[in-house]
Amino acid sequence: MPRARKRPAGAARPDKKGPGGKRTKTEDPGEASAKVENSSLQETSASRDCGKNLSSYWLMKSEPESRLEKGVDVKFSIEDLRAQPKQTACWDGVRNYQARNFLRAMKLEEEAFFYHSNCREPGIAGLMKIVKEAYPDHTQFEKNNPHYDPSSKEDNPKWSMRSLILF
């Protein structure tokens, strides 16, 4: 399932503001310094031309190895997607608000990387395409489903899902 990733916090030392709005981290001998300038991006003809043709690519995280959740194995690998009719499946069970918002932001025909996570060899395992608009995740209402959410109501569902097809 998709999951937002945070970047490492960096050095533990406080930032000091330098001249002209620049932020520099304090330096210790043997430590690399980091400098961030407070400047605006300049648009070039190349960036103007390239920006019009850019697409979004999503990273869809899934766990290919067995993992029990409330007594149900929730593993899903690229091989499981290949075994689906027309190699199409819904991406359900997302219970993270940031990831849910990403699911809702996806557009039809955008591409996504199928990422194997929490396994011996994590990494991108394939390429998929978004083939259906976001719609309510039915697993939030099924009491026997490991992704059941008793606080979600059918007239106002909290969780969404997407349908994806393997390339």
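Only the coordinates and a few stated rules stand behind these numbers; no lab work does. Please read all numbers here as calculations on a predicted model, not as lab measurements. Using ideal geometry, Cβ is built from the backbone for each residue, glycine included, and neighbour counts are taken over all protein chains shown.
Working from label points 7 Å from Cα in the Cα-to-Cβ sense, the V131 to N156 distance is 3.4 nm.
The stretch between R67 and I165 holds 32.9 nm of extra length on full extension. This uses 0.36 nm per residue minus the Cα-Cα distance.
Which loop-located trypsin sites (Lys or Arg not before Pro) does segment 90-165 contain, where loop means any DSSP state but H, G, I, E or B and the Cβ has at most 13 other Cβ atoms within 10 Å?
Taking segment 90-165 and a limit of 13 other Cβ atoms within 10 Å, the loop trypsin sites (Lys or Arg not before Pro) found are K107, R120, K143.
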